[in-house]
């Protein structure tokens, strides 16, 4: 009798808890870079960066990104201050292209002046966060931390632009001054180059 009662209680508990377990399983989100290939290129000394694409694929719970990191870089200095950590309601997506003026995107990379054309390196961005039962700013309850997702990136150093020679507008007056000085000296007798030793 006790065994039947225990089994009945266990079955009731499992039945009551299984909808909650089913709702807890979808804690998923997607994360990627913009451009989607993760490949950016720049010249030595230039600032390059990545945007992001982020989707909360859970139909019930809110996703709050809390931790963003990146592989180290030997070609420049990484800067995570561009990421705005958007809070995503169920089924909502957010994306932001890299914009160094408005300081938006995922990560920036200021390439070292000593980086050489042809160099490249690859790594990963890592993002994780928290799951909430509702809007965390309006009474939602913390449920659990999320899994960490990785998004690969590559940076390529390209040759700098060939310097443009001075414009004709600046070159012409300089040539005229040189010609004027040369013609005045040519007209004098005893033209001497350098200082006298007397």
Note: the range 40-106, point scatterers on Cα, Debye, no solvent; log10 I/I(0) at q = 0.13, 0.16 Å⁻¹ equals -0.44, -0.62
Using alpha carbons only: equivalent-ellipsoid semi-axes of the range 25-152, gyration tensor based, whole Å: 31, 13, 11
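Any read-out appearing in this document is the output of simple, stated calculations on the displayed coordinates, not a laboratory observation. Treat the numbers as computed from the prediction; the structure is a model and nothing was measured.
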